[in-house]
Amino acid sequence: MSEQHLSHRVWTLPNVLSMLRLAGVPLFLWLVLGPEEDELALVVLMVSGATDFLDGWLARRLDQQTVVGQILDPVADRLYILAVVVGLALRDVIPWWMAVSLPLRDLLMWGLVPLLRTRGYSALPVHFLGKAATFNLLYAFPLLLLGEGDGVVSTLARVFGWAFALWGLGLYWWAGILYAWQVRKLLATTERRAAGQDG
């Protein structure tokens, strides 16, 4: 849906769900790093995943797709991934190279936005690989947290968690490289917009 067909309303049910999901980010970090209540932290992540699906579904179902919603949803995804990797790295569940590589990729992507703006774009369409990467990562980290315990369930959670994490990390960077390639092609084939010209 193009931006001109999006509503500028703020207080819609999907947007409220996205705001609640954002409020869960500091709660998750406190649960993991403070009292180390891993079970409750997992519940927060599961609720976040459910509301991630639900807000998009409701936005389409109720015809409440908004400009704010298109910003809140990916921001919430990125903040959850950042909060989880920082929390798990501080707890020594995942290595720091993994914790740093995910936000580093996002920083590189944000660095491309000014280049897109010179051609009248604010962003390119989200690639399927990027969605697949986020899906893998959002499954990986709860499993890795669950894998901190002992027993068969924890061992299986660790194995599957690392499988999702490594696939997710690889797809995350692959999607970023494809995005950068798209930006390069766009810059080569599209004329620069004059300053102040409407997109």
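The values are calculated or read from the model by the stated rules, or taken from the named source; none is laboratory data. Just so you know, these numbers come straight off a predicted model, no measurement behind them. Positions of Cβ are generated from backbone atoms using ideal geometry, with glycine treated the same way; all protein chains shown enter the neighbour counts.
So here's what we get for this one:
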read-out	value
Asp73 at pLDDT below 85, crowded, with 16+ Cβ neighbours inside 10 Å, touching a Leu at 6+ places or on another chain (Cβ under 6 Å) and in a helix (DSSP H, G or I)	no
Which numbered condition Leu31 misses (of (1) assigned to a helix (DSSP H, G or I); (2) surrounded by fewer than 19 Cβ atoms within 10 Å (Cβ to Cβ); (3) in contact with an Asp or Glu (Cβ under 9 Å, 6 or more places away or on another chain))	(2)
Index of the failed condition, Arg60 passing every other in (1) modelled with pLDDT of 85 or more; (2) of a type in the set (D, E, K, R); (3) farther than 27 Å from Arg91 by Cα	(1)
Residue under evaluation Ala132, criteria (1) touching a Lys or Arg at 6+ places or on another chain (Cβ under 7 Å); (2) part of a helix (DSSP H, G or I), criterion not met	(1)
Restricting segment 1-56 to residues that are modelled with pLDDT of 85 or more and aromatic (Phe, Trp, Tyr), the residue that is nearest to Asn136 (Cα to Cα)	Phe28
Candidate set: segment 107-117, residues that are surrounded by 14 or more Cβ atoms within 10 Å (Cβ to Cβ) and at pLDDT 85 or above; chosen: the one farthest from Gly87 (Cα to Cα)	Leu115
Qualifying position, being in a helix (DSSP H, G or I), closer than 24 Å to Arg158 by Cα and not assigned by TED's automatic domain parsing to the domain that holds His127, among Leu102, Leu20, Leu58, Leu88	Leu88
